[in-house]
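Chemist: Got a structure for you, written out below as structure tokens; questions coming shortly.
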Amino acid sequence: MEQLLLNIQQPVKKTLDNFIVGNNDECLDALRRFINSDNYHFIYLWGEVGCGKSHLAEAIKANGISVIEDIQLEKNERQIEIFNHYNELKASHGKLLVTGSNSPNHMNLRGDLASRLIWGLVYQIKPLSDHEKKEALKQYAKDQGFKLKDEVIDYCLNNLKRDLHTLLATLNALDEWSLKTKRRITIPLLKDIL
């Protein structure tokens, strides 16, 4: 008989407190001030895929602040709308967080919009080191209620895509497969799901 899996784990709410900071202390401090102060109105975050921009955007949005993600994907007409939105927010003392893949002047954005992106604070989100990823994966496994040996984490870091999204999704699949097959989490079990 096959064991039924009940998905009783609540999705982890993304907050500033559970963001894995790495070398982004200054940015995290600025985001806390952004939420709690009327002195900051615009923040632009940029960095490579998987560095944590979406996590931070979700945390900011949960505080009732407008967010635009992946601005580099916006077409010309939408860029004009965003430019106008910036001007409206400036006049009304509103707040906006925008994320993108690169610094404002290194994307194919309208010049006027790129200039608005640098009106406020601009931070590059630095990716986690391997050691920081390893600690993050250990903590995640602990929070989810399963044990994860260092050699399994090392295997993941050496043989999978190294962004945190992929690594966490792999851990979730591994945990589920472990429960389903009633086997401990090991490298051979990991190889079974890859």
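The values are calculated or read from the model by the stated rules, or taken from the named source; none is laboratory data. Given the structure is predicted, the values throughout are model-derived calculations rather than measurements. Note that we place each Cβ from the backbone using ideal geometry, even for glycine, and neighbour counts take in every protein chain shown. All accessible areas refer to the heavy atoms of the entire protein, side chains included, with ligands and DNA or RNA removed. Shrake-Rupley method; radii C 1.70, N 1.55, O 1.52, S 1.80 Å.
Chemist: Share of region 122-173's accessible area from carbon and sulfur, percent, 1.4 Å?
Modeler: Exposed carbon and sulfur together represent 49 percent of the surface.
Chemist: Another one. List the lysines whose Cα sits under 24 Å from the Cα of LYS90, skipping any in the same chain fewer than 8 residues away.
Modeler: Once the sequence-local lysines are set aside, what remains near LYS90 is LYS53, LYS61, LYS75.
Chemist: Using a 1.4 Å probe over the heavy atoms of the protein chains, calculate the carbon and sulfur portion of the accessible area of region 1-118 as a whole percent.
Modeler: The C+S portion of the solvent-accessible surface of region 1-118 is 47 percent.
Chemist: Using the Cα centre as the reference, give the magnitude of the dipole from point charges on the C-beta atoms of region 4-144 (Lys, Arg: +1; Asp, Glu: -1; all else neutral), rounded to the nearest 20 debye.
Modeler: It comes to approximately 140 debye.
Chemist: If the reach is capped at under 23 angstrom between alpha carbons, list the lysines near LYS147, excluding any in the same chain fewer than eight residues apart.
Modeler: LYS13, LYS14, LYS133, LYS134, LYS138, LYS161, LYS180, LYS182, LYS191
Chemist: Given the Cα-Cα distance of LYS90 and VAL49 and 0.36 nm per residue of separation, how much length would full extension add, in nm?
Modeler: Taking LYS90 through VAL49 to full extension adds about 11.9 nm, to one decimal.
Chemist: Additional query: Suppose every K and R has +1 on its Cβ and every D and E has -1 on its Cβ; what is the size of the dipole of region 64-194 about the Cα centre, in Debye to the nearest 20?
Modeler: Computed charge dipole of region 64-194: roughly 420 debye.
Chemist: Could you work out [θ]222 nm for the chain from helices alone, using -39500 (n - 2.57) per DSSP H run of at least four and dividing by all its residues? Round to the nearest 500 deg cm²/dmol.
Modeler: -15000 deg cm²/dmol
Chemist: Separation between the ALA169 and ARG33 pseudo-spin-labels, each 7 Å from Cα along Cα→Cβ, expressed in nm?
Modeler: 3.6 nm
Chemist: Same structure again: Taking amide H positions as placed in the peptide plane 1.01 Å from N, state which residues far from LYS95 in sequence (5 or more) or on other chains have amide H under 5 Å from it.
Modeler: Residues meeting the criterion, in which the H sits 1.01 Å from N, are SER66.
Chemist: Take the Cα pairs of region 1-160, get the Kirkwood Rh, then feed it into Stokes-Einstein at 4 °C and 1.567 mPa s and tell me D in µm²/s.
Modeler: 74 µm²/s
Chemist: Something else about it: In Å², and per residue, what accessible area does region 1-150 have when probed at 1.4 Å with the other protein chains present?
Modeler: Each residue of region 1-150 exposes 60 Å² on average to a 1.4 Å probe.
Chemist: State the Cα centre-to-centre distance between region 74-103 and region 128-194 in whole Å.
Modeler: Cα centroid of region 74-103 versus Cα centroid of region 128-194: 38 Å apart.
Chemist: Here's another thing I want to ask about it. So, taking all protein chains as they sit and a 1.4 Å probe, how much accessible area belongs to SER103, in Å² rounded to tens?
Modeler: Here the accessible area works out near 20 Å².
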